[in-house]
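Chemist: First the structure, then my questions, so here it is.
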Amino acid sequence: MITQQQIDAIIDAVIAELQRQGVGNERGSALHAIAPSHASELNLDLPDITTSEYRTRSYVENTRKPDVLRALMSTTPSRIGIGHAGPRYRNIPQFIFLADHAVTQDALFKEIDPALLQQFNLFQVQTQASNRQEYLLRPDLGRKLSDAARKTLQEKCVKNPDVQLYVSDGLSAAAIEHNLRDIFPVIQQGLQQAGLKMGTPFYVKYGRVGLLNDVNSIVDAKVVVTLIGERPGLGRAEAASVYMGYRPQPDSSDADRDVVCNIFNGGTNPLEAGAYVVEYIKRMLKHQASGIKLKLIEQGASK
Amino acid sequence: MLLRTKLFGKTYEFRDLRELMGKANEDKSGDHLAGVAASSAIERAAAKYVLSEAPLWALYENPVAPYDQDEVTRVIMDAVDQNAYVQIKTWTVGQLREWILDNKTTNDDIKKIQNGLTSEMIAAVAKLMSNMDLVLAASKIRVVTHANNTMGEMGRLASRNQPNHPTDDPDGIRAEIYEGLSYGSGDSVIGINPVDDSLASVQRLLEMSYKVIQNWKIPTQNCVLAHVTTQMEAMKRGSPAGLVFQSLAGSQKGNESFGISVGMLDEAYEIAKKYSVVPGPNYMYFETGEGAELSADAHHGWDQLTLEVRCYGLAKRYAPFQVNSVVGFIGPEYLYDARQITRAGLEDHFCAKLTGISMGCDACYTNHARADQNSLENLSILLAAAGCNYFMGVPMGDDPMLSYQSNSFHDAPSLRQILKLRPLPEFENWLVEMGLWDAEKLLLTDKAGDPTMFVR
Ligand code: B12
């Protein structure tokens, strides 16, 4: 049994240590604002550790160069400078991680905001996956349009465009909400300026990358491009990718495709990504190829 | 071909080896997706039982894809040592299982028959094993390789320093490398997955990581895990690379979807031998993972474990420094939950060791699978007990670029401490010189965990 005296001594020592270290450094506990008056009355009113204050804080004990450590930490969103208890994690980083993992699950089941689709004039169709659970377990269904979708695309889409662009939730609808406003106009305007004939854009619910093939069996475009949500990372669901291919056929594979990935503010900037995509499309049209084939042609040409 | 038994008076019959192999697999969502899984636990038990009586020659003669139609099959069959094969061809799969588990059977004995095995046989025997069988059997087999340091010896556990960054920012990646080194991670490789697969970006990261290695005289090697064609080009242009990386699939069609072929890998291997900055003789790094073939519709109606083991058969051609499956990386459509991921991780490691390649594991999960950090830690403890060569080291296990969770920089030192394992020998000496590792107590020192020690 620890005596009351011992507890008080520990608390005193801890407070003294915290004061010595100064604010915001090396704190293994979030409990700094409330100095306990009496250990007998339990009074836990803890701050929110998911705020950036706690995320950007260093948990390394006894660093010799606190400024250098802060500078290193500021270069990456990765969880560095987290210190250790023995070889394991300290408490606060551990709880931030657990909280992040918990909220990430929600992102997977989020649906797209219909107002956003309206704003960009995107009508909605669906793949053969009928719900999110089925989508997760049956990627084959996410690569095929539903019968209703085929009919709608037949009716509404311009045929034989130079470029067919469409949007899909993929594994994160939040990623589309996060990026569409920035990237979509850049791609559209870039392609128009290049004098390319655009297809009719639309939105596909429960899409996989391989859907490019099925879409092209209806619109017969030279290049097909999809903006699609990437799988959510820990506490992050905002990254989207653009996958594209030259004249996708029913048996085209990932080797025939190219990707610009990690698109979000903090990753590949969506405006720049849009410009990059336009460049890619022009190169595909120029060499009439995409994927590995395009890469090999271009490497050959540069020798 | 007749493949039949009765259990509790009821008959279970299997059309051919392909069906039998699928149904003898432990339960996995990917096998259900492919339509090859057993429909009940009792059918699975029957399939395992029947498979145990099948002779090895039958598996030799019935590969996943015909010899003349699939170059992965050709690589595997052409590598079979006929002298070794005649010794074991009449054994049943069940006999092979008991022989491997037998206390009289040693690492040397296994090495003697190893080159007579095909991937289909190796997958088959794994299907008969329980999880502890897989750990025990694998723990007998050592595969030792060398690049700039020595991997795979008994009592050693390495860690790949995986400093990925969502914009490939060299400063951010360097900071992560420092953090990892300060925990003793990086003896397997400092291996960066680039966001941008362009030549310029890959060259920049090779230069930067090589400079860190040189500045601190670290006995390790660097690698940028772009598509192999990009790495080949970078090396031809003089960029310093230690290991050459590529993801593999277990069928020709699967590899085509990855944009590679045996011819291309042969060329990459030659380039690696010629231009790699490490002494070798092992220069290649491969990753694999159950489900990649099915995802490219390239599985020929076979189960995902068998296709996975064929990746190891292909990898062996290139005497790789290291190979790891990224078990759980793709998602729940192939491995649904922690239980399936754990099983697959143990199978992959055992099968690769039995194939004769240096095997580590990226024990991981995605956020859409039913798994968590606890289940991943469990798997890595099991695998470390099985003698796994290395794990990943990711800052707190969270990779913000690949969007999945893996082992952390903290895990290798923890496993070393729990199981009395050491870092790779040359790297261990370096850690001691740097004051980061107590080689007597097998513990990190108080200096560990502070990346600023690498900033002068
Ligand atoms: C999952 C994944 C894989 C899985 C895909 C299997 C599957 N069924 O999902 C596996 C492990 C097989 C894989 C392999 C490779 N991948 Co990958 N992959 C990812 C990851 C982590 C997530 C993708 C995602 O969220 N997709 C969204 C969902 C909705 O798509 P999906 O339809 O379910 O799945 C398809 C795509 O994921 C696609 N895909 C996956 N990777 C790649 C890479 C390329 C170049 C292409 C064209 C397509 C592609 O394949 C799937 C099946 O069609 C991303 C990282 C990221 N931030 O996006 C890297 C990423 C896209 N992959 C990358 C690379 C380099 C590769 C490889 C070329 C590595 C190599 N050296 O061999 C190989 C080969 C890819 C190919 N041509 O087939 C890079 C691309 C960099 C670039 N700008 O070109 C990324 C960004 C990661 C990285 N930086 O290393 N990958």
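The values are calculated or read from the model by the stated rules, or taken from the named source; none is laboratory data. On a predicted model such as this, the values are computed, not experimentally measured, just so you know. Cβ: placed from backbone, ideal geometry, glycine included. Neighbour counts: every protein chain shown. All accessible areas refer to the heavy atoms of the entire protein, side chains included, with ligands and DNA or RNA removed. Shrake-Rupley method; radii C 1.70, N 1.55, O 1.52, S 1.80 Å.
Chemist: If the cut-off is a Cα-Cα distance under 28 Å, which lysines reach B:K6, setting aside same-chain residues fewer than 8 apart in sequence?
Modeler: B:K23, B:K28, B:K48, B:K89, B:K127
Chemist: Counting other C-beta atoms within 10 Å, and keeping those with at most 12, which DSSP coil trypsin sites (Lys or Arg not before Pro) do you find in the stretch B:33-111?
Modeler: The qualifying sites are B:K104.
Chemist: Still on this structure: Could you run the Karplus curve 6.51 cos²θ - 1.76 cosθ + 1.60 with θ = phi - 60° over the stretch B:418-432 and give me ³J(HN,Hα) per residue in whole Hz, x for Gly and Pro?
Modeler: Rounded to whole hertz, the list is 5, 9, 6, 10, 10, x, 4, x, 5, 5, 4, 4, 4, 4, 5.
Chemist: How high is the relative contact order of the stretch B:145-454? Use alpha-carbon pairs under 8 Å, at least six apart in sequence, and give a whole percent.
Modeler: 23
Chemist: What is the calculated FRET efficiency for B:D266 to B:Q82, with r their C-beta to C-beta distance and R₀ = 25 Å, to the nearest 0.05?
Modeler: It comes out at approximately 0.65.
Chemist: Given H placed on each backbone N at 1.01 Å, which residues far from A:A85 in sequence or on other chains put an amide H within less than 5 Å of it?
Modeler: Close amide H contacts, sequence-distant or interchain: A:R90.
Chemist: Still on this structure: In degrees, nearest 10, range 0 to 90: what is the angle between the Cα axis of helix B:304-316 and the longest Cα principal axis of chain B?
Modeler: The answer is roughly 60 degrees.
Chemist: Right, next: Nearest 10 degrees, 0 to 90: what angle lies between the long axis of helix B:170-182 and the longest principal axis of chain B (Cα atoms)?
Modeler: The angle comes out near 80 degrees.
Chemist: Let me ask you something else. Might you tell me the accessible area per residue for the protein assembly as shown, computed with a 1.4 Å probe and given in Å²?
Modeler: On a per-residue basis, the protein assembly as shown sits at 39 Å².
Chemist: A follow-up question, please. Where is the GNM fluctuation largest for chain A (alpha-carbon springs, 10 angstrom cutoff): A:D169, A:D48, A:D140?
Modeler: A:D48
Chemist: Next question, about the same structure. Could you pull out every residue, at least 5 positions away or on a different chain, whose amide H is within less than 5 Å of the one on A:S146? Hs are placed 1.01 Å off N in the peptide plane, and Pro or chain starts have none.
Modeler: A:Q126, A:T127, A:Q128
Chemist: So which aspartates and glutamates pass the test for A:K293, namely a Cα distance under 12 Å, with those fewer than 8 places away in the same chain ruled out?
Modeler: A:D254, A:D256, A:D258, B:E256
Chemist: Which order, highest average first, do B:219-225, B:77-83 follow once you tally other Cβ atoms within 10 Å for each residue and take the mean per peptide?
Modeler: Ranking the peptides B:219-225, B:77-83 by packing returns B:219-225, B:77-83.
Chemist: I would also like to ask the following. If you restrict to DSSP beta bridges whose two residues both lie in the protein assembly as shown, what percentage is antiparallel, to the nearest 5?
Modeler: Counting DSSP beta bridges with both partners in the protein assembly as shown, the antiparallel share is about 40 percent.
Chemist: Still on this structure, I have one more. Taking the Kirkwood radius as the inverse of the mean 1/r across Cα pairs, report the Rg/Rh of chain B.
Modeler: 0.97
Chemist: Still on this model: With viscosity set to 0.890 mPa s at 25 °C, what whole-number translational diffusion coefficient in µm²/s follows for the stretch B:131-210 from Stokes-Einstein and a Kirkwood radius over Cα pairs?
Modeler: In µm²/s, the coefficient rounds to 169.
Chemist: What relative contact order, as a whole-number percentage, does the stretch B:11-66 give when Cα pairs under 8 Å and 6 or more residues apart are counted?
Modeler: The normalised contact order for the stretch B:11-66 reaches 38 percent.
Chemist: With springs only between Cα atoms under 10 Å, which of A:L46, A:L211, A:L153 fluctuates most in a Gaussian network model of chain A?
Modeler: A:L46
Chemist: Then there's this: Probe radius 1.4 Å, ligands and nucleic acids ignored: give me the carbon and sulfur share of the accessible area of the protein assembly as shown as a rounded percent.
Modeler: 51
Chemist: How large is the translational diffusion coefficient of the protein assembly as shown in µm² per second when you combine the Kirkwood radius over alpha carbon pairs with Stokes-Einstein at 4 °C and 1.567 mPa s?
Modeler: It diffuses with D of about 48 µm²/s by this estimate.
Chemist: Is there a simple number for the mean count of other chain Cβ atoms within 10 Å of the Cβ of residues in B:444-452, and what is it?
Modeler: So the per-residue partner count for this stretch is 6.
Chemist: So what's the gap between the Cα centers of the stretch A:212-227 and the stretch B:264-304, to the nearest angstrom?
Modeler: Centre-to-centre distance over Cα atoms comes out at 31 Å.
Chemist: I've got another one for you. For chain A, what is the relative contact order in percent, using Cα pairs closer than 8 Å and at least 6 residues apart in sequence?
Modeler: About 15 percent, as a whole number.
Chemist: Sort the stretch A:112-302 into rounded, prolate or oblate with this rule: let a ≥ b ≥ c be the square roots of the eigenvalues of the Cα gyration tensor; rounded if a/c is under 1.5, and if a/c is not under 1.5, prolate when a/b is larger than b/c, oblate otherwise.
Modeler: Because its axes are fairly even, with a/c under 1.5, the stretch A:112-302 counts as rounded.
Chemist: To continue, here is another question. With springs only between Cα atoms under 10 Å apart, run a GNM on chain A and tell me which of A:E177, A:E53, A:E230 wobbles the most.
Modeler: In this elastic network of chain A, the residue with the biggest mean-square fluctuation among A:E177, A:E53, A:E230 is A:E53.
Chemist: Which value in deg cm²/dmol, rounded to the nearest 500, describes the helix-derived mean residue ellipticity at 222 nm for chain A, given -39,500 (n - 2.57) per DSSP H run of n ≥ 4 and division by the residue count?
Modeler: Here the helix-only value at 222 nm equals -13000 deg cm²/dmol.
Chemist: Distance from a point 7 Å along Cα→Cβ of A:S52 to each backbone N in the stretch A:257-285: keep the residues under 20 Å and list them by number.
Modeler: Only A:263-271 pass the distance filter.
Chemist: Right, another one. Using the alpha-carbon atoms, what tilt in degrees (0 to 90, nearest 10) does helix B:262-275 show relative to the longest principal axis of chain B?
Modeler: 30
Chemist: Alpha carbon centre of the stretch B:106-143 versus the stretch B:364-381: separation in Å?
Modeler: So the separation of the two Cα centres works out to 25 Å.
Chemist: While we're here: How big a patch of accessible area, both sides summed and in Å² to the nearest 100, lies buried between B and A at a 1.4 Å probe?
Modeler: 4800
Chemist: How large is ³J(HN,Hα) for each residue in the stretch B:442-456, as worked out from phi by the Karplus curve 6.51 cos²θ - 1.76 cosθ + 1.60 (θ = phi - 60°), to whole Hz, x for Gly and Pro?
Modeler: Coupling constants for the stretch B:442-456: 6, 9, 5, 8, 5, 6, 5, x, 10, x, 5, 5, 8, 9, 7 Hz.
Chemist: Also, I was wondering about something else. Can you work out ³J(HN,Hα) from phi for every residue in the stretch B:238-251, in order, using Karplus 6.51 cos²θ - 1.76 cosθ + 1.60 and θ = phi - 60°, giving whole Hz and x for Gly and Pro?
Modeler: x, 6, x, 10, x, 10, 10, 10, 7, 7, 10, 10, x, 9
Chemist: Please give the average number of partner chain Cβ atoms lying within 10 Å of the Cβ of each residue in B:402-411, rounded to a whole number.
Modeler: Counting Cβ atoms of other protein chains within 10 Å of each residue's Cβ and averaging gives 5.
Chemist: What average number of partner chain Cβ atoms lie no more than 10 Å from the Cβ of the residues making up B:147-159?
Modeler: 0
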